[in-house]
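Note sheet for the following structure.
Read-outs throughout are calculated quantities, based only on the coordinates presented, and are distinct from any laboratory measurement. Being a predicted model, the structure only gives us computed values, none of them experimental. Cβ placement follows ideal geometry from the backbone for every residue including glycine, while neighbour counts extend to all protein chains displayed.
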Amino acid sequence: MVTTPAQKVLCPVCHQADQVKKVPAAYESGVTRLAPPVMPVANVGMMKYVMVGFALVGVGVFFILVLSGINGYGSWPTPLQVIQAVVTILAICAALALSYVALLRVVRGDMKSQKLLPAYDEALENWRRLYYCKREDIVFDPQTNKTISDASLQSLISIEDNMHHMEQTQQAAVSHQ
């Protein structure tokens, strides 16, 4: 049942329009089971990389600033001074390498999230299209004028289900070419 803005959407069960509202409005009014789909975001843990890198740079800074500041190098043999400088440079390079690894992990997580965004958009569009009747406590699709169970609603707004549906559609389109 396609409606124009002047027409009220009728509930398919009670055939009334006074308690019918769009699902987003029903969710905002307190019907928590009608929550929108959750936007896919990558939660990439990188704190351990940052902490190890910070410790490595801290050790290097300690050796360079503190020991050279108190003239500690003057009493050290030359080979030991060279080894200390090389170890400090290696620690700083290791910290940079850890930063690079952490950055790559963030980029991979973002790429994974971007692959899910079209499915999220479809799930969000499905969620916005549906209506809720407070009197009957049902969700329905105004296009088909059929009620939707809670399980079907979760399937309609599930990113994984929409991703699977989109993959099947793409495979079907490729096979017909």
- Under the 7 Å Cα-to-Cβ spin-label approximation, S152 and R108 lie apart by a distance in nanometres of 4.1 nm
- Query: Could you name the lysines in cross-link range of K48, using Cα to Cα under 23 Å and dropping any fewer than eight places away on the same chain?
  - Reply: K112
- Distance (nanometres) between label positions extended 7 Å along Cα→Cβ at K115 and V61: 3.9 nm
- Each label sits 7 Å from Cα toward the beta-carbon; between L90 and V50 the label points are separated, in nm, by 2.8 nm
- Item | Linear extension gain, M39 paired with Y100, 0.36 nm per residue minus alpha-carbon span | 19.3 nm
- Excluding residues on the same chain fewer than 8 positions from K134, give the lysines whose Cα lies under 29 Å from its Cα. K8, K21, K22, K146
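Figure the gain on full extension for V13 and D137 (residue separation times 0.36 nm, minus the Cα-Cα span) and round it to one decimal in nm.
On the way: separation 124, 0.36 × 124 = 44.64 nm, distance 1.02 nm.
Difference between extended and current length: 43.6 nm.
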